Each structure stands twice: as structure tokens, then as C-alpha cells.
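A quick write-up on the structure given underneath.
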Amino acid sequence: MTSVYLVWLLFIAVYDFRQRRVPNWLVLAGAFLALATLALGTGPLAHGWTGALLGAGIGFGFLLLFYVIGLMGAGDVKFAAALGLWVGAWALLPIWLIGSLLAGLHAALWLMIRRWPVSQRLWLLLSGPPLPATDGAPSSPRARFIPYAAYLALAAAVWMVWGQRNG
């Protein structure tokens with residue numbers, strides 16, 4: 001089941017990098033697969049129902065605060081809950097730390113390029129796709145240019161591979 005988990009993380013990362021959003025169907029597929037692996041006892045990490053449900057609750061609840069204040073998208077929050085089902089509560093902290101460091105590097109690079117434009121292609125890669133036109137409504141001053149779910153997915157994949165080799 002490790003390969004299923006890693007493929008799901010890859011889909012999340014690619015989708016979030018390209019679209020700057022995480023679709024509900026992809027989050028629900030991951031949550032369903034996590035619940036199925038728990039039921040079958042074949043999850044990629046050795047944790048039970050309590051750890052998984054606690055991980056989902058912590059993942060959702062903690063990132064919900066960032067969504068409420070406008071710093072994160074709803075897809076990131078839902079993905080964190082599904083990720084918590086896969087990895088359990090104990091692995092969320094290192095995954096958040098690694099993912100946040102990667103997102104922080106993304107933001108620092110984006111700010112540096114914004115100040116000193118070096119490459120238009122790199123600017124577009126870091127900024128994400130253009131926001132769709134709204135019917136005369138002002139655009140959000142806080143466009144979500146950091147694909148946080150993608151960085152969490154990469155961090156979770158690193159954690160999974162590293163944990164398997166060192167566990």
C-alpha cells in the first residue's frame with residue numbers, strides 16, 4: 001500500500017503545483033484509501049484507528065485556523081485531514097515542519113524574484129496560474145501563490161521513504 005500512498009501524494013503535488021488548488025475528489029479518494037488500508041491493516045505506517053483519526057482531527061483543526069484568517073485554501077486543510085489518516089498524529093509534526101520549510105523557501109524565492117526580476121518563467125512557476133476573471137468583483141488581495149498541499153505531500157513522501165529506510 002505504500003506505492004498507492006506515494007502515487008496519491010504525487011497526484012496531490014502535481015495538481016497543486018499546476019492549479020494552486022486541491023480538488024475534493026482527490027482528497028476524498030485519499031481519505032477513502034487511507035480508511036480502506038486501516039480496515040485491512042495494510043497501511044504504510046504502523047498506527048491504528050485512534051492514531052489515524054487523531055491525525056485527521058489535528059490536521060484539519062490546526063490548518064483550519066490558517067484558513068479562517070485567509071492564509072490558506074480549504075483544499076490544503078482538507079488534504080491535511082486526509083494526510084493525518086494516512087500517517088497518524090505522530091508523523092504530522094515533522095511533515096508540517098518539512099512542508100513549511102519548503103513553502104517558506106518558495107515564498108522567499110518569490111519575494112526575491114518579485115523585487116529583482118531575473119526570469120519571467122521562474123516568476124510564473126512560483127506565482128501559479130493567473131486568477132480567473134471575476135464578473136467585476138475585485139480580486140483577492142491574498143492570492144494563494146504557495147502550493148502548501150504540494151509541499152506537505154512532498155514532505156510526507158520524504159518522511160515515508162526516510163522512515164522506511166531508517167525504521
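Readers should treat all values here as calculations from the given coordinates under stated rules, not as data from a laboratory. Note that the structure is predicted; figures quoted are calculated from it, not measured. Cβ: placed from backbone, ideal geometry, glycine included. Neighbour counts: every protein chain shown.
Observations on the structure shown:
- Computed lengthening from Val4 to Trp90, 0.36 nm per intervening residue step minus Cα-Cα distance: 28.9 nm
- Net length gained if the chain between Met112 and Trp49 were fully extended (0.36 nm per residue, minus Cα distance): 18.3 nm
- Distance between the stretch 1-61 and the stretch 70-88 - C-alpha centres, whole angstrom: 9
- Distribution of pairwise C-alpha distances over the stretch 9-91, 10 Å bins, in %: 20, 49, 28, 3
- Applying 1/(1 + (r/R0)^6) with R0 = 35 Å to the Cβ-Cβ distance of Leu65 and Gln19 gives a FRET efficiency near 0.90.
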